[in-house]
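The values are calculated or read from the model by the stated rules, or taken from the named source; none is laboratory data. Not measured: the values here are computed from a predicted model. Don't worry about glycine lacking a Cβ; one is built from the backbone with ideal geometry, like all the others, and counts go over all protein chains shown.
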Amino acid sequence: MWFGTYTGKPPRGNGIYVSRYDEITGEISRPKLATKIKNPSFLVVHPTLSIVYAVSEIADLNGKPTGGIISFVVDMRSGQLTQQSVQPSQGKGPCHLSLDATGKSLLAANYGSGSVICLGINDDGSLLPPVATTQDKPGGFIQHAGTGPNKSRQQGPHGHSMNATSTGKFAISCDLGADKVFVHKLDVPTAVITPHNSTPTQPGGGPRHFALHPRLPFGYANNELDMTVTAFRFDAAEGRLQKIHSVSTIPDSIQERTGFSTAEIAIHPSGKFLYVSNRGHDSIALFGINEQSGKLSLKSVEPTRCQTPRHFVIAPGGKRLYAAGQASGTITAFTIDSKTGKLSFNKQILKVPKPVCIVFSRPISSTPKKP
């Protein structure tokens, strides 16, 4: 498993770290530096190749006003990473990555510039430059537009995530600054994205990340600024979202929420439960999912035992969850009750400097040659 970190102000990380994960016990080995890179704040692993992709969340790449997207070849014996290819993100502050189910297209969001990008992927996992976008012809780049009522955070668009649907026909993008969830048409073979429609969230909510239900026509966006999660019905054929409701990620009894914000969202592989991390409150909210209506019900809020849980991940198999505490420099581990979804802290705490993303390796079917 790998950990992305922030590498700016101390205490800071130095790049991407790697640990070995014991699937039986859940134990994680002491992390080692896998590669040096500036601000690898989000990672994703190719579904079939031994390739890890990372954003470099910066605003200047080789003298150009853009961040970077980098592919790395994995040494499966050590977990060390060797840089394979680099492409500019076509915007400042890339903060999120995802892949379509086939691993042929990579999707990324630029927070600083409020844009999203799609890159094609070669057979060896290396990244292709985006298809040129013109006024007359769509390509691999879309510039969002919009503002929100929060003057300090919503003065313009801030693309915060983009995920392909299971069919690969559409890509869903949350924009924190515009208070909108965009749906773009996606053509995986050509890596072209085309604006399709958008659905507004509540003013000042600031949608951040999106999770599609694995088998039901529902999707969920955590709103960073107002500590809520919004449920949507998703028409997969037409690529349209319809808002169902929004619910708080912390108990209503907590009135003082200064400095609080949501960060990550994930649905359990069973499809029964949804989790959202709360920064400031330093907790993970557990929701039950109504399979008929898609509505959410808050079941519990579990302390993360780490500070500023910017990210968390559900381990393969759905039995464990690991949270990344950006401010505390720690990873904390939990077991998941398969019947209730409840988290139980297992007392394992791992030190990683400024951790902000966690990903697991996947079964490898082929390994490209190192450059």
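Can you tell me which residues in the stretch 334-371 are assigned to a loop (DSSP other than H, G, I, E, B) and either at pLDDT 95 or above or hydrophobic (A, V, I, L, M, F, W, C) (or both)? Across the stretch 334-371, the qualifying residues are 337, 338, 339, 340, 341, 342, 352, 353, 354, 360, 364.
Among the residues making up the stretch 33-59, those that are assigned to a strand (DSSP E or B) and either farther than 17 Å from residue 324 by Cβ or at pLDDT below 95 (or both) are 35, 36, 49, 51, 53, 56. Of all the numbered requirements in (1) within 30 Å of residue 8 (Cβ to Cβ); (2) of a type in the set (S, T, N, Q); (3) surrounded by fewer than 20 Cβ atoms within 10 Å (Cβ to Cβ), residue 346 misses one, and that requirement is (1). Among residues of the stretch 30-50 that are over 20 Å from residue 126 (Cβ atoms), those with a beta-carbon under 8 Å from a residue that is of a type in the set (D, E, K, R) and part of a strand (DSSP E or B) at least six positions away or on a different chain give the pairs 31/351.
For the stretch 262-270, the condition of being touching a residue at least 40 places away in the same chain (Cβ under 8 Å), of a type in the set (S, T, N, Q), within 17 Å of residue 341 (Cα to Cα) and surrounded by 22 or more Cβ atoms within 10 Å (Cβ to Cβ) holds for none of the residues. Looking at the stretch 10-17, can you tell me whether even one residue there is surrounded by 14 or more Cβ atoms within 10 Å (Cβ to Cβ) and under 23 Å from residue 346 (Cβ atoms)? For the stretch 10-17, residues surrounded by 14 or more Cβ atoms within 10 Å (Cβ to Cβ) and under 23 Å from residue 346 (Cβ atoms): present. Across the stretch 127-147, the number of residues qualifying as out of contact with any Gly (no Cβ under 6 Å at 6 or more places or on another chain), buried (at least 17 other Cβ atoms within 10 Å of the Cβ) and not aromatic (Phe, Trp, Tyr) comes to 6. Only one of the numbered conditions (1) at pLDDT below 95; (2) closer than 28 Å to residue 102 by Cβ is violated by residue 161, and that is (1). Restricting attention to the stretch 273-293, the residues that are farther than 16 Å from residue 313 by Cα, outside any strand (DSSP E or B) and not hydroxyl-bearing (Ser, Thr, Tyr) add up to 5. Has the stretch 4-14 got any residue that is part of a strand (DSSP E or B) and within 21 Å of residue 162 (Cβ to Cβ)? Scanning the stretch 4-14, I find at least one residue that is part of a strand (DSSP E or B) and within 21 Å of residue 162 (Cβ to Cβ), so the answer is yes. The set of residues from the stretch 61-75 being more than 22 Å from the chain's Cα centre (by Cα) and not in a strand (DSSP E or B) comprises 62, 63, 65, 75.
Checked against the criterion of being surrounded by fewer than 24 Cβ atoms within 10 Å (Cβ to Cβ), among the aromatic types (Phe, Trp, Tyr) and over 27 Å from residue 28 (Cα atoms), the stretch 102-114 contains not a single residue that satisfies it. Give 270, 246 a once-over and let me know the one that is polar (S, T, N, Q), assigned to a strand (DSSP E or B) and modelled with pLDDT of 95 or more. Answer to the check: 246. For the stretch 202-222, a residue qualifies if it is more than 17 Å from the chain's Cα centre (by Cα) and either of a type in the set (Lys, Arg) or part of a strand (DSSP E or B) (or both), and the qualifying residues are 215, 218. Just one of the listed residues (190, 194) is surrounded by fewer than 24 Cβ atoms within 10 Å (Cβ to Cβ), part of a strand (DSSP E or B) and of a type outside the set (Gly, Ala, Ser), and it is 194. Every condition in (1) buried (at least 22 other Cβ atoms within 10 Å of the Cβ); (2) in a strand (DSSP E or B) is met by residue 199 except one, and the failing one is (1).
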